[in-house]
Amino acid sequence: MKTFEEKGREKYHMPEVSFAPNSKPPFFLRIITTLIDTALMIMVGFGVHALIFISPMYNPIRNYETELYQIQDRYALETGFGEKVTITEENKDQYTGYITYVDEDNSLYVVSPIENPSEEIVTSYKNAVTGDSAYADISFKYSLAGFGYVCLSGFISELIFIFIIPLTNKRRATIGQLFAGLQVISVKYQDKATWYQLTGRFIFVFLIDSVLPYLILGNWLMLVVPILVVVIAAINHKSNRALQDLISGTFIIHKKSFSPLKEDEETVVEEKPSQNTPELSLKSEENNQKDLPDEPKKEATEK
């Protein structure tokens, strides 16, 4: 399968570039890989979150939401912000999604906000709701649970694309990097990144590039991650290394330039026996002398 760069060179009849050993890739490839990986992680993250939403795992959030609405309806009736509306066959479709209650006559009703409430009523209602300690406690639990499920969705998605997939291929590359023909190596060893370096990259991306921006910007996270990675890589233009590369001691290179240092070490090890050649030659001479026939005895020569 041809990479994105190879297809582009064929299309525009561009000559193939020769890379120095372990050289950085063109910057546009870094941008493309970041956008591809981010798009895939967002799609899978939304898919995981959708599965959580329809599963029993989401029931605690549903319960918190119901309790919050019940407190709001109670104060709406007390302050006059809302009114009782009895549910009938004619209007039941209009109030779908409302919490239903049962009155003294065993009739179902909902609490619906009144039209054009006065400013005094609105202020009274808001003060009553926000001043309720139970409402504040449930709101905190509701927000915390929602944040936890979002983090869980992101964790599973990023674990797949940033750790598991790179760990299962020799180039230690993500899907976007495989598509663009890139490779992740260790700066120290100039060989493929180790499993603990991939772990460091994953933890950093999850906590710093994902969780922290989500806490600050919420759903705008999907725009923060690619922008953050590309901007930092652009600032560090000499090596195109983003923060996760600097923290984990890794470096993204073009796969065609890969030249591992371990191969050089192996050749040195193989050449070491040659330093002992004098000893080997002496031993071989001794063996050759043993194999020579014995000299004729003096008696035989005299005769």
Count, please, the residues in the range 19-35 that happen to be part of a helix (DSSP H, G or I) and open to solvent by less than 50 Å² (accessible area, probe 1.4 Å).
5
Go through the range 214-267 and count every residue that is touching a Gly at 6+ places or on another chain (Cβ under 9 Å), modelled with pLDDT of 70 or more and closer than 26 Å to Leu167 by Cα.
8
Taking the range 183-213 and keeping residues at pLDDT 90 or above and part of a helix (DSSP H, G or I) leaves Trp195, Tyr196, Gln197, Leu198, Thr199, Gly200, Arg201, Phe202, Ile203
Among residues of the range 169-190 being farther than 19 Å from Thr34 by Cα and in contact with a helix residue (DSSP H, G or I) (Cβ under 7 Å, 6 or more places away or on another chain), the residue least open to solvent (accessible area, probe 1.4 Å) is Ser186
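Provide a single number: the residues in the range 197-213 that are touching a residue at least 60 places away in the same chain (Cβ under 8 Å) and open to solvent by less than 10 Å² (accessible area, probe 1.4 Å).
Selection size over the range 197-213: 0.
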With respect to Arg62, is the statement that it is open to solvent by 90 Å² or more (accessible area, probe 1.4 Å) and without any contact (Cβ under 8 Å) to a residue 60 or more places away in the chain true?
no
Filter the range 112-143 down to residues that are farther than 17 Å from Gln70 by Cβ and outside any helix (DSSP H, G or I) and give me whichever is most open to solvent (accessible area, probe 1.4 Å).
Glu115
Tell me whether the range 66-73 contains one or more residues that are at pLDDT below 85 and open to solvent by less than 90 Å² (accessible area, probe 1.4 Å).
no
For the range 159-182, pairs from a residue that is more than 15 Å from Gln197 (Cβ to Cβ) and in a helix (DSSP H, G or I) to a residue that is among the aromatic types (Phe, Trp, Tyr) and open to solvent by 50 Å² or more (accessible area, probe 1.4 Å), with Cβ under 9 Å and 6 or more apart or across chains, are Phe179/Phe4; Ala180/Phe4
One residue is enough: does the range 13-28 have a residue meeting the conditions farther than 29 Å from Arg241 by Cα and modelled with pLDDT under 95?
yes
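The values are calculated or read from the model by the stated rules, or taken from the named source; none is laboratory data. Note that this is a predicted model, so its numbers are computed, not measured. In this analysis, Cβ positions are derived from the backbone assuming ideal geometry, glycine residues included, and neighbour counts consider all displayed protein chains. Just so you know, the surface numbers come from the protein's heavy atoms only, side chains and all, with ligands and any DNA or RNA stripped out. Shrake-Rupley method; radii C 1.70, N 1.55, O 1.52, S 1.80 Å.
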